[in-house]
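Everything below concerns the one structure shown next.
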Amino acid sequence: MGIKMRNYLLLLLLAVSPFVLAETNAEKGHAIALETDNRDKGWQDSFAEMKMVLRNRHGKESVRLIRVTNLEMDGDGDKGLTVFDEPRDIKGTAFLSYSHALEPDEQWIYLPALKRVKRISSSNKSGPFMGSEFAYEDISSFEIPKYSYLYLRDEVINGIDCFVLELRPQYKHSGYIKSHVWVDKVEYRRQKIDYYDRKDSLLKIQTFSDYQLYLDQYWRSHTMTMDNQQNGKSTTLYQQNFKFKAGLTADDFKKNDLKRQR
Amino acid sequence: MTLRRMILNANVKLWVKKIAFALLGGLAVPSVLAVELSGYAGAEYRYFLHDSALPFPGQHVPSVVLAPEFYTEWDDGQQSLLFSPFLRLDGEDAERTHGDIGELQWLLVRDDWELRVGVGKVFWGVAESQHLVDVINQTDLVENSDTEDKLGQPMINLSVFRDWGTVDLFVMPYFRERTFAGRDGRLRGPLVVNTDAAAYESGSGRHHLDVAVRWSHSLGDWDIGVSHFYGINREPQLLLNSTATALIPFYETMHQTGLDAQYTVEAWLWKLETIRRETDTDTFFALTGGVEYTFYSVFETDVDVGLIAEYLFDDRDDAPKTAFEDDVLMGARLTWNDTQSTELLFGLIQDLSSEDIGWNIEASRRIGDRWKLSVEGRFFSVNDNTSVLYPVRRDDYFQLELARYF
């Protein structure tokens, strides 16, 4: 805070209108979230290979391999198609999701052993994704209306100057009462998230590293670690081979497409 | 076979040939293809709790299974070939020692249509207790008495995608006969089914050209399918042979119209499947309807508990052709959501008129990254001697399977 913050307010006062002076921490938090969202618009479609390393309390590791394709939707949540490669017993399982900001998501899963496409309930936001420390809601598409925002403070972490925001989920069935998000001031990339459970105690800490820039605009973290503060387990999610703008359309994200994923 | 039907068959066959030649002629297959291998091999042990009432079958049944899958694609993933053979060697029952080609299928993907040619497997429906609507594939009854296992079906399947839904057309030139337990096998009646003596209503026998069409669509919270099938009934009648020493499967020709629908709201899944089946000897209506509700992360753990309740109705009350003419299924699915993907499914089907009950339990857990241990148990409490389940009332069993995935 201090001098920097005062300068910032002064600048705003001079440049815009007197009303800005009255900007509340809620408005500032919302504005920062909006800027974060806006900077990540226009990627159209994306693909990434993901490796999840699950670690239990004793350091024993277990690996998950998945491939994720997403389609950016204007004014709605993204569509996503996830194909599972490992563990081998669930190889070929595919998961299709149409996410929405506040309406329930639409989700289907393909079970290759039964050749069966099943529509599933999307109420399971807080459950573990593939037995990992990532919950479904942690990896779903970010949409502005999903949260209320509060700017808390400025803080330098790992030498990076950040805004710290408080997000409170506005959608149903969240496992969190709130989360604290560190967003760097230069590129608006998430650096760290503290998740608080429904009893308001710290549950998990997510850290983002190995950011790389794609198409001169889109920053993607290649290593995300989720440390559970309550059960001592952790999961590291490595992302690689990002591809964007492959020309995918909504037709590539249909229930029928699940059956032929490999 | 009527003349009309012969002409129809001939016309469709000609049409199929034309399409196949046009497609195969125009599409070159590259010379070098990377083949991806996956699948599993497993060892299974079944323990039947009681002595069989019959002289031959035993109580301990070991068996092994091999189910590899070979896959290759080319043309930027727009064409692929899938081959999944299956082999089971059973220590007791020669009929359960069997192999199958579950899939041997060429797939061509285009923007708004897909074509599958070869041997394939297709699932239709939404219910858990039984699959009325699902009629494309024959049941591999000897593999598992729960009718969930299927045999590969030779077919040409064209899928067309439109804004108003998906239309699937099926042409099936060759029929697969149902498998039945042999002399030394459990889970059968006192008379063995002589599958070598199968008879058909249609003069073309297993070469009868079956056809099917299905429309399916997702509309908001609704997932709907409507289908019609014309061809050989996958469920044979079992007739006494002339010396009354064995049963002979008799396959009729049928028309079946089916509807399946699921309404998904919050943690509720509302399910309905209904069919009307018409054969020369019988026309009937059957229905499965019910709900599944899931409690997520119960008692502040990661465990999900899903409760399932379904009602099964069949208006064939004149003869014991079905086990499910007025029955209720109640079940629970527990999912631990742990690293080992531990799961447990428990259910019972009760006949409302006779009080007969069938119990079912299935559980599985991954061991390490490549192994999976599965437990299965089926138990019967059957007193009604007119029930189709009466012959298997002493065939309660537990089964343990250890499989390695590759």
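In a residue-by-residue description of the stretch B:308-316, the property of being surrounded by fewer than 19 Cβ atoms within 10 Å (Cβ to Cβ) and either out of contact with any strand residue (DSSP E or B) (no Cβ under 6 Å at 6 or more places or on another chain) or within 14 Å of another protein chain (Cβ to nearest Cβ) (or both) applies to no position.
Of the residues making up the stretch B:219-261, those that are more than 18 Å from the chain's Cα centre (by Cα), within 14 Å of chain A (Cβ to nearest Cβ) and crowded, with 21+ Cβ neighbours inside 10 Å number 1. Checking each residue of the stretch B:292-299 against the condition of being touching a residue at least 12 places away in the same chain (Cβ under 8 Å) and away from every other protein chain (no Cβ under 11 Å) gives no match. Of the residues making up the stretch B:262-280, those that are assigned to a loop (DSSP other than H, G, I, E, B) and more than 8 Å from every other protein chain (Cβ to nearest Cβ) are B:T279, B:D280. I'd like the residue in the stretch B:346-366 that is part of a strand (DSSP E or B) and charged (D, E, K, R) and, out of all such residues, is nearest to B:G290 (Cα to Cα). Going through the qualifying residues, I end up with B:D351. Report whether or not A:S148 is among the polar types (S, T, N, Q), assigned to a strand (DSSP E or B) and either on the phi < 0 side of the Ramachandran plot or surrounded by fewer than 13 Cβ atoms within 10 Å (Cβ to Cβ) (or both). So A:S148 fits the description; yes. Here is the figure for the stretch B:106-135: residues that are more than 10 Å from chain A (Cβ to nearest Cβ), of a type in the set (A, V, I, L, M) and either under 17 Å from A:V117 (Cβ atoms) or buried (at least 21 other Cβ atoms within 10 Å of the Cβ) (or both) total 6. Has the stretch A:134-145 got any residue that is more than 9 Å from chain B (Cβ to nearest Cβ) and in a strand (DSSP E or B)? Yes, some residue in the stretch A:134-145 is more than 9 Å from chain B (Cβ to nearest Cβ) and in a strand (DSSP E or B). Only one of the numbered conditions (1) in contact (Cβ under 8 Å) with a residue 24 or more places away in the chain; (2) crowded, with 20+ Cβ neighbours inside 10 Å; (3) closer than 22 Å to B:L238 by Cα is violated by B:E177, and that is (2).
Across the stretch B:133-186, the number of residues qualifying as more than 30 Å from B:V392 (Cβ to Cβ), in a strand (DSSP E or B) and of a type in the set (D, E, K, R) comes to 2. Of the listed requirements (1) within 14 Å of another protein chain (Cβ to nearest Cβ); (2) surrounded by fewer than 16 Cβ atoms within 10 Å (Cβ to Cβ); (3) touching a helix residue (DSSP H, G or I) at 6+ places or on another chain (Cβ under 7 Å), B:R366 misses just one: (2). Of all residues in the stretch A:82-104, those being surrounded by fewer than 21 Cβ atoms within 10 Å (Cβ to Cβ), more than 9 Å from every other protein chain (Cβ to nearest Cβ) and not in a strand (DSSP E or B) number 5.
Every read-out reported here was derived from the displayed coordinates using simple, explicitly stated rules and does not represent laboratory data. Worth saying up front: this structure is predicted, and the values here are computed from it rather than measured. Cβ: placed from backbone, ideal geometry, glycine included. Neighbour counts: every protein chain shown.
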